[in-house]
Structure formats: structure tokens, C-alpha cells
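All of the numbers you see were taken from the coordinates with simple rules; none came from a lab. Nothing here was measured: the structure is a model prediction, and the numbers come from that model. Cβ placement follows ideal geometry from the backbone for every residue including glycine, while neighbour counts extend to all protein chains displayed.
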């Protein structure tokens, strides 16, 4: 019995993987990563600051945008410092419980971000397909409730993941294949049957990000149908232009999310380098690009930013 307990706690510390074979240039690799991290935090913080400061931006679309920016800030803070610790200080160790905490926050925030993108799609759907009732449907109390439901859903569906992982003994290799903790990676280290974890993890993915993406797709089908019925081509283009920034944010989030999920579950023959690159894209690109996309494509937000810098 004591041998079993020793095995259970033998791998109380896990080892994260940077980029194998590139240890000599870790310091140089850390430079663009640090820049992307700083730009992500500064850009999303600036978006939240502008929206909070300007009463003219206290509209549903910009409130949802501030939710998206806050989620991206949380994602960056929860994961990227761990990656930078590897490249700057060669600090690869992470305790088992710290790893559980990191994967909980990572997957929870990813689930919340998916929900926020769905809410933003709903906002565009109401604005274009039912504009006369827009103000009466998307009231501030209703927006607050929808945001709260998004957070509760994310926490509720992800919380069982670290609980299920904590019941395993870890007696296999203690080296993770990424620079941060993912549920799909950690459960592979368990010396036990992980069928329940696999089924639950797949169910969570299907009923959160995959379901949200399907609903977003259906909302855009309805939007396109409504827009094509507009007689004036100028009005048609104007309506579609209001969706461009959200559509870009959807692509930036779901393409890396689905690609990494599919590779981990079904791409066993894919190279380790491909998995690592996709993992970095999955973490760095959405928080980095979302503020840039919305600042460029949103006319009102861009005008407020220019006015602030001019002052």
C-alpha cells in the first residue's frame, strides 16, 4: 500500500516543455513572446479603459467587447507568464496542483470567451434582423445577466476536470508536451483508466465551444438572409461591415481552438513541433489581435481612441 502512495506522489512536480533543441536561443525567442504578452495586456486594458471612460460607448456591442477584452486579459495572465518563465529562466517545473489550477483557469476562460463571442453574434443578429426592438431586448440588466450566465457556465462545466484529475495516480513520464497545462495532456500521464475524463472532456467541448460555434454560424446565416433582402446595395454593405470585426474575432478564436483540440484527440501521428506551434497560436493570437481588429474596424471606437491621443 505504501508503494502505491509513493507512486501517487512521485510526480508531484511536472516538467513543462519549451521548444526542444532550441535551448541556446531561448532568450531570443522570449523577446517576441514578451512583446506579444505586453501588447495583449496593454491593448485589452486600453479597450476596457476607453469603453468605461466614454459614456457614448456604453452600448451592448461595446459592453460585450469589454467582456471579451477582460477574458483575454485573464487568459494571458493565467498562462503566458509560465511560458516566459521557461524561455527567460529555464524554469520548467510546475507542481501538480498548480498545473490543475492553471488548466482550470485556462479552460474556464476559453469557455467564457466562446460564450461572449456567441453573445456578440446575438447582438449583431438583433441589430440587423430586428433593429426596432434592439434597445428593448438588449437592456443593461439583461446584458449583465447574460454575462453572469456565461461565467457560471464556464466554471460549472470546467470545475469537474481538475477534480477528476486529482483522483488519479501519476506514475508515467512527468514531462508535458506543452509550455503550459492542458487537460488533454495531463490526463495522459495518469497510470489509470482515463475513459471517464476523455468522455467528459469531449462532452464539454461539444456542448460549449462546438455548440457556440454552430449557433454563431446559424446567426450569420440569418443575418446574411436578412441583408440580402435589403434593396439598397449601400445599406447591405453597411450592415455587413458592422459584422466584420466580430467575424474576425470568431475566426481568430475558433480556428486555433478546434485545430488544437482535433490534433490532441485524433492527430497522434502529427509532429510534436506542429502541436507546439498550434499551442502558442492558440494562446497568443486571439488576445493579441482582438484589440487591433476592433480598433481598426470599429469606427466609433477608433474615433474615441484618436480623440484621446489628440487630447
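With a point put 7 Å past each Cα toward its Cβ, work out how far residue 206 is from residue 229 in nm, to one decimal.
Each label point lies 7 Å from its Cα, and together they span 3.4 nm.
Give the calculated FRET efficiency between residue 15 and residue 273 to the nearest 0.05, with a Förster radius of 25 Å applied to their Cβ-Cβ distance.
Values: r = 18 Å, r/R0 = 0.72.
FRET efficiency, residue 15 to residue 273: 0.90.
Using a simple spin-label model with points 7 Å from Cα along the Cα→Cβ vector, what separation in nm is obtained for residue 240 and residue 303?
2.4
Would you give the gap between the C-alpha center of the stretch 113-134 and the C-alpha center of the stretch 176-201, rounded to a whole Å?
So the two Cα centres are separated by 35 Å.
What's the exposure ranking of 210, 28, going from fewest to most Cβ atoms within 10 Å? Show your work: numbers first, answer last.
Numbers: 210 17, 28 10.
Taking fewest neighbouring Cβ atoms as first place, the list is 28, 210.
Angle between the Cα long axis of helix 60-89 and the longest principal axis of the chain, 0 to 90 degrees, nearest 10?
In the chain, helix 60-89 runs at an angle near 30 degrees to the longest axis.
Report the gain in length on full extension from residue 152 to residue 22: 0.36 nm times residue separation, minus Cα-Cα distance, nm rounded to one decimal.
Difference between extended and current length: 42.7 nm.
Could you put 243, 248, 181 in order, starting from the residue whose Cβ has the fewest other Cβ atoms within 10 Å? Provide the component values of the computation, followed by the final result.
Numbers: 243 22, 248 17, 181 26.
Arranged by neighbour count, lowest to highest, 243, 248, 181 become 248, 243, 181.
List 250, 310 from most exposed to least, where exposure is judged by having the fewest other Cβ atoms within 10 Å.
Numbers: 250 21, 310 6.
Sorted ascending by nearby Cβ count, the order is 310, 250.
Working from Cα positions, state the angle (0 to 90°, nearest 10) between the long axis of helix 140-158 and the longest principal axis of the chain.
20
For the chain, take the longest principal axis of its alpha carbons; what is the angle in degrees between that and the long axis of helix 26-53, to the nearest 10 within 0 to 90?
It works out to around 40 degrees.
Any idea what the relative contact order of the stretch 151-211 is, in percent, if you count C-alpha pairs under 8 Å spaced at least 6 apart? Could the numbers behind the result be given before it?
On the way: 35 pairs, mean separation 21.0, N = 61.
Relative contact order of the stretch 151-211: 34 percent.
Apply 1/(1 + (r/R0)^6) to the Cβ-Cβ distance of residue 310 and residue 58, taking R0 = 30 Å, and write down the FRET efficiency to the nearest 0.05. All intermediate terms of the calculation are to be shown ahead of the outcome.
On the way: r = 22 Å, r/R0 = 0.72.
With R0 = 30 Å, the Cβ-Cβ based efficiency is 0.90.
Counting pairs of alpha carbon atoms under 8 Å apart in space and at least six apart in sequence, what relative contact order in percent does the chain give?
Working: 323 pairs, mean separation 83.8, N = 311.
Over the chain, the number comes to 27 percent.
Okay, helix-only estimate at 222 nm for the chain: each DSSP H run of n ≥ 4 adds -39500 (n - 2.57), divide by all residues, round to 500 deg cm²/dmol; what do you get? Walk me through the numbers on the way to the answer.
On the way: 14 runs with 234 residues, N = 311.
Result for the chain, helices only: -25000 deg cm²/dmol.
What percent does the relative contact order of the stretch 1-140 come to when contacts are Cα pairs within less than 8 Å and at least six residues apart? Walk me through the numbers on the way to the answer.
Numbers: 95 pairs, mean separation 45.9, N = 140.
With pairs under 8 Å counted, the relative contact order is 33 percent.
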